[in-house]
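First the structure, in the form of structure tokens, and then the observations on it.
Computed from the coordinates by the stated procedures, all read-outs in this text should not be read as laboratory data. Given the structure is predicted, the values throughout are model-derived calculations rather than measurements. Ideal geometry is used to build each Cβ from the backbone, glycine not excepted, and the neighbour counts take in all protein chains shown.
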């Protein structure tokens, strides 16, 4: 028997707004492709509902934080490409390959485990090599990327799909930290080019990268629904990056409520539609009482 929902509060999700927000972002960043990040149960909106709506709005692929989240999308019948944003534990690689997920890698151990699992399954696993340019959360050191990319290339069961990074402060008014991160990222891409390693795609920006940052050769990408953006490097200069992995733009405002609506490079408004409404019932209302605040434990 399903549990009854008796609590006098609920969140109403407007899937059509997610579709509209994804479509806005897809148009904004074209010709780059759009990736909808639906981790943490679609940021509380429902992973499957959000994934389907974002795909309807023009997203080309999906992203999650955990292998289990990707398997959940597959169990729901979603066949779109799904990227796991962090390197999974080695013991999860078999299930990742079995669910036809793509994965982020940034350690030698992860590369070995992924290659072994893919070879055992007779598959070629698409992997995304992550470089830590300043987020200091997960990712390889810039100095290690060439060696790791070579290790991926040496495994017939692995295919290097992209090299990517995550911007730590793209939503702040001070663009200097983001410029420094992008400069490090471009240096890594240049080093890979110099040794003849082909990087098919690159992605870096997140929700916060919603306004132009004057970096030579860079492509501006705004914020979107729960999204990320990709551009094949073969169609843009090395300095070009596009890839906002946008989580908070699915809402009408950021979590802090302080970020303005993004604008396109032409200045047109790209404001998102609200996707969630919190509704609750009033439990009590007092009128005409003296304004005396009392809390638990206060004897009147």
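Note down the relative contact order for region 1-81 as a percent, whole number, built from C-alpha pairs under 8 angstrom at least six residues apart. Mind dumping the intermediate values first?
Details: 90 pairs, mean separation 24.5, N = 81.
That works out to 30 percent.
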- Message: Is the C-alpha gyration tensor of region 21-176 telling us rounded, prolate or oblate? Criteria: a/c under 1.5 is rounded; beyond that, a/b larger than b/c is prolate, otherwise oblate.
- Response: oblate
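Order 273-281, 126-134 from most to least packed using the mean count of other Cβ atoms within 10 Å. Before the final figure, lay out the partial values.
Values: 273-281: 12.9, 126-134: 23.6.
Put in order of decreasing packing, that is 126-134, 273-281.
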- Which of 35, 202 comes first, and how do the rest follow, when ranked by fewest Cβ neighbours within 10 Å? 202, 35
- Using the Cα gyration tensor of region 21-68, with a ≥ b ≥ c the square roots of its eigenvalues, what is the shape: rounded (a/c below 1.5), prolate (a/b larger than b/c) or oblate (neither)? prolate
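Return a whole-number percent for the relative contact order of region 42-145, with Cα pairs under 8 Å and 6 or more residues apart as the contact set. Mind showing how you got there, number by number?
Values: 139 pairs, mean separation 19.2, N = 104.
Result for region 42-145 is 18 percent.
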